[in-house]
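The values are calculated or read from the model by the stated rules, or taken from the named source; none is laboratory data. Computed from a predicted model, the values in this text were never measured in an experiment. So basically every Cβ, Gly included, is an ideal-geometry build from the backbone, and we count neighbours across all protein chains shown.
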Amino acid sequence: MTPLLAKIVFCLLAVLWYVNRLPHERRSGRTPVSLNSRDLRETILLTISLSGLGLIPFLYVATGFPAAAERPFLPALAWLGLLAAIGSLVMFRLTHQALGRNWSVSLQVRENHRLIQSGVYARVRHPMYTAFWLWAVAQALLLPNWVAGLAGLAGFGTLYAFRIGREERMMLDAFGEEYRAYSARTARLIPWVY
């Protein structure tokens, strides 16, 4: 693994993520929203996450900025980054397949929304977040730059920290006891780790 190949892997991660998401975004966009919690706070959190997982690392890949934050490239870390990227894409695909029209980029409940408890959701309540954590780890391992590499962990970590509780409350409001029971038997991010 070379530094250039690691950057290509990171770019492919982003392209394949988008290719996977696009048809689901189009399909779910046609399903009306019955509960929308997207507000200024949500928009700011999404922007922070996008900056950390997209804007900052792509600026680095395209220009090398910030060069002062370079760290030594370690091929073994890049290979682990490739594995994390693959894991992220697989998890991302599985969550989109399971959610179908219920998927949303933001905190929304759609009309006729049902609580998905099968597939990847049988053991994990928030596998989409698991996929993004894997992306952030892949980015940190693939990009040998302290700022660009760690920006994903910081950006997505901020979104996760300030959104997960709000999302859980929204699901409780929408599904009540069904969600409470589901929460009791599933892990938030990693199966069998509560």
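When you check THR43 against the structure, is it assigned to a helix (DSSP H, G or I), among the polar types (S, T, N, Q) and exposed (fewer than 14 other Cβ atoms within 10 Å of the Cβ), yes or no? In short, yes. A single member of ARG38, ARG21, ARG71, ARG27 is in contact (Cβ under 8 Å) with a residue 60 or more places away in the chain, surrounded by fewer than 17 Cβ atoms within 10 Å (Cβ to Cβ) and more than 29 Å from ARG114 (Cβ to Cβ), and it is ARG71. Annotation note: Cβ proximity below 6 Å between a residue of region 108-121 that is assigned to a strand (DSSP E or B) and a residue that is at pLDDT 80 or above (sequence gap 6+ or interchain) occurs for VAL109/ALA174.
Being under 17 Å from ALA140 (Cα atoms) and among the basic types (Lys, Arg) is the requirement here; does ARG27 meet it? Answer is no for this residue. Only one entry in LEU4, LEU89 is more than 30 Å from PHE175 (Cβ to Cβ), assigned to a helix (DSSP H, G or I) and at pLDDT 95 or above, namely LEU4. Within region 86-101, can you find the residues that are small (Gly, Ala, Ser) and out of contact with any Phe, Trp or Tyr (no Cβ under 6 Å at 6 or more places or on another chain)? Hits for region 86-101 are GLY87, GLY100. From the list LEU159, LEU172, which residue is loosely packed, with under 15 Cβ neighbours inside 10 Å and either among the acidic types (Asp, Glu) or in a helix (DSSP H, G or I) (or both)? Going through LEU159, LEU172 in turn, the sole match is LEU172. Just one of (1) in a loop (DSSP other than H, G, I, E, B); (2) more than 22 Å from ILE164 (Cα to Cα); (3) in contact (Cβ under 8 Å) with a residue 40 or more places away in the chain trips up PHE65, so point out which. Result: PHE65 passes all but (3).
Scanning region 78-103 for residues that are surrounded by 18 or more Cβ atoms within 10 Å (Cβ to Cβ) and more than 15 Å from ALA131 (Cα to Cα) yields a single hit, ALA78. Scanning region 84-103 turns up no residue that is in contact with a strand residue (DSSP E or B) (Cβ under 6 Å, 6 or more places away or on another chain), in contact (Cβ under 8 Å) with a residue 24 or more places away in the chain and either among the hydrophobic types (A, V, I, L, M, F, W, C) or over 21 Å from ARG26 (Cα atoms) (or both). Only one entry in VAL120, VAL137, VAL124 is in contact with a strand residue (DSSP E or B) (Cβ under 6 Å, 6 or more places away or on another chain) and buried (at least 17 other Cβ atoms within 10 Å of the Cβ), namely VAL124. Identify the residue in region 106-128 that is more than 14 Å from the chain's Cα centre (by Cα) and among the polar types (S, T, N, Q) and, among all such residues, is nearest to THR43 (Cα to Cα). Among those residues, the one meeting the criterion is GLN108. Pairs linking a residue in region 157-172 that is closer than 20 Å to THR47 by Cβ and touching a residue at least 60 places away in the same chain (Cβ under 8 Å) to a residue that is assigned to a helix (DSSP H, G or I) and of a type in the set (Lys, Arg), with Cβ atoms under 8 Å and 6 or more positions apart or on different chains, are PHE162/ARG41.
Within region 177-189, residues that are closer than 9 Å to ARG125 by Cα reach no partner that is at pLDDT 95 or above and loosely packed, with under 14 Cβ neighbours inside 10 Å with beta carbons closer than 7 Å at six or more positions or on different chains.
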